[in-house]
Each structure stands twice: as structure tokens, then as C-alpha cells.
């Protein structure tokens, strides 16, 4: 009799623990852990974008060697570095033009 009563108490206690309302922070934490696990699974082993993938992309389409592909990327990088100042000036001029067009009234230059 004693073991049956004890077993029933354990079962009742277990059911009451499982029936307790789950706190919101626990659900949020569980979702964060789930998304982190998914991130690790999806992006495992990827260190970045491959610059010279010889099977796909430009190198694959043009049948380039690894050295030719690296040379193309070096030239592209140097082009972007050389034109960075000009691109910044263009962006500044666009912003200035946008601000001027917002501030001026349409009939200001009509004579």
C-alpha cells in the first residue's frame, strides 16, 4: 500500500510540474538557441564568399585559371579603391541635389 501511495504522489508531483505555465523568457531563450543551432548547421564550414570558384561564376564561364581569376579580383579591388573618392563625391552631390530640390519652391525661378 505504501509503495502505491508513494508512486501516486510522484505521479501527481510530476503532472503538477508539467502543468506549470512556462515563462515567456524560457520560450524566447529556447527560440534563440534553436536559431543559433540552425545558423551553425546552415553555415558550418563556410568562411566567406569564394572569390575564384572555378566551377561557377565568371571563372567557370570563361574557363579561367586560378591565377587569371585572382588577377581579375586584384584589378577589381584596385579599381574600387581608386574610384572610392569619386564615388563619395557623387553620393554627396546627389544628397545635395536632393536637399536642394526639397527646399526650393517650384515657382521660385519663374519670372
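The values are calculated or read from the model by the stated rules, or taken from the named source; none is laboratory data. This one's a predicted model, so the numbers in the text were calculated from it and none came from an experiment. Positions of Cβ are generated from backbone atoms using ideal geometry, with glycine treated the same way; all protein chains shown enter the neighbour counts.
Scanning region 57-74 for residues that are surrounded by fewer than 10 Cβ atoms within 10 Å (Cβ to Cβ) and either touching a helix residue (DSSP H, G or I) at 6+ places or on another chain (Cβ under 9 Å) or assigned to a helix (DSSP H, G or I) (or both) yields 61, 67. Scanning region 75-102 for residues that are surrounded by 11 or more Cβ atoms within 10 Å (Cβ to Cβ) and either closer than 13 Å to residue 51 by Cα or modelled with pLDDT under 90 (or both) yields 76, 77.
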